[in-house]
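In what follows, a single structure is set out as structure tokens and then discussed.
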Amino acid sequence: MIQQTLVLIKPDGLKKSLTGNILTRLSETKLDIVAAKMVQVDRVLAERHYVYLKDEPFYEELLRYIQGIYHKKKVMALIYHGEDAIKKVRDLAGATNPEEADSVSIRGAYGRITTKGVYENVIHASGNIKEAEREIKLWFQPDEIIIQLYPTKTVTLEKVKRILWKVS
Ligand code: DAT
Ligand code: MG
């Protein structure tokens with residue numbers, strides 16, 4: 001089944017200079033990258049992304065981690081598209097707990113558990129089709145993706161502020 005999945009290289013992955021390594025590992029899947037960007041995660045985006053974990057004891061620490069408070073304040077967000085994209089990426093990422101993850105998986109090789117008890121596991125990958133749709137729509141707008149993944153609508157906005165390049 002052709003699917004799409006959200007991948008985040010989390011702040012610890014960027015801090016550890018693992019971007020190239022992770023993208024090379026993911027290229028083994030032969031999936032297509034259909035969107036990519038750097039994002040500075042604010043608390044609102046962090047809360048929305050991890051909304052289903054809001055009652056967990058590690059939630060506040062998890063919000064700090066994904067915002068990059070301890071590392072670099074940035075995340076690389078990508079969408080991978082193709083046959084069985086969700087499972088292929090999850091398999092390479094490895095188990096959520098880096099100590100339980102296969103040592104050849106990305107999380108097993110590079111993740112750690114902090115003294116505050118958060119799994120710093122370097123990479124995020126959507127877990128299923130519904131999660132992928134929710135997460136992709138949270139992190140990307142339709143015009144940032146080079147193919148159409150979900151139905152869109154066109155609206156005309158008035159008085160919308162945008163920053164454009166100055167013409168010299
Ligand atoms: P995954 O990222 O494998 O889909 P998840 O959605 O259950 O796992 O959790 C999101 C992130 O929260 C996970 O990547 C790391 C952190 N996390 C999850 N469970 C945890 C736990 N028991 N202790 C500490 N951090 C945890
Ligand atoms: Mg998950």
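Points worth noting:
- Whole-angstrom gap from the stretch 57-103 to the stretch 3-48, using each part's C-alpha centre: 8 Å
- Accessible area per residue, Å², the chain with all protein chains present, probe 1.4 Å: 62 Å²
- Area of E47 that stays accessible when all protein chains are in place (1.4 Å probe, Å², to 10): 70 Å²
- Accessible area of the chain belonging to carbon and sulfur atoms, whole % at 1.4 Å probe: 53 percent
- Rounded to the nearest Hz, the phi-derived 3J(HN,Hα) couplings of the stretch 34-50 under the Karplus curve 6.51 cos²θ - 1.76 cosθ + 1.60 (θ = phi - 60°) are 10, 6, 7, 6, 9, 9, 9, 7, 9, 4, 4, 5, 4, 5, 5, 4, 9, where x marks glycine and proline.
- Residue-wise HN-Hα coupling along the stretch 112-118, computed from phi with Karplus coefficients 6.51, -1.76, 1.60 (Hz; x: Gly, Pro): 7, 9, 6, 5, 7, x, 8
- Gain upon complete extension [A109, V160; 0.36 nm per residue less C-alpha separation]: 13.8 nm
- Accessible-area value, F58, 1.4 Å probe, nucleic acids and ligands omitted, Å²: 70 Å²
- Peptide ranges 153-161, 118-126, 66-74 listed from the most packed, as the mean C-beta count within 10 angstrom indicates: 118-126, 66-74, 153-161
- Taking amide H as placed 1.01 Å from N in the peptide plane, V41 has its amide H under 5 Å from the amide H of V75, each at least 5 places away in sequence or on another chain.
- Solvent-accessible area of E99 with every protein chain in place, 1.4 Å probe, in Å² to the nearest 10: 150 Å²
- Here the stretch 2-144 is described by how far its Cα atoms reach on the three principal axes: 38, 33, 26 Å, from widest to narrowest.
The values are calculated or read from the model by the stated rules, or taken from the named source; none is laboratory data. Everything quoted here is computed from the prediction, not taken from an experiment. Methodologically, a virtual Cβ is constructed for each residue, glycine included, from the backbone with ideal geometry; neighbour enumeration extends over all protein chains shown. For accessibility, only protein heavy atoms count, side chains too; no ligands or nucleic acids. Shrake-Rupley method; radii C 1.70, N 1.55, O 1.52, S 1.80 Å.
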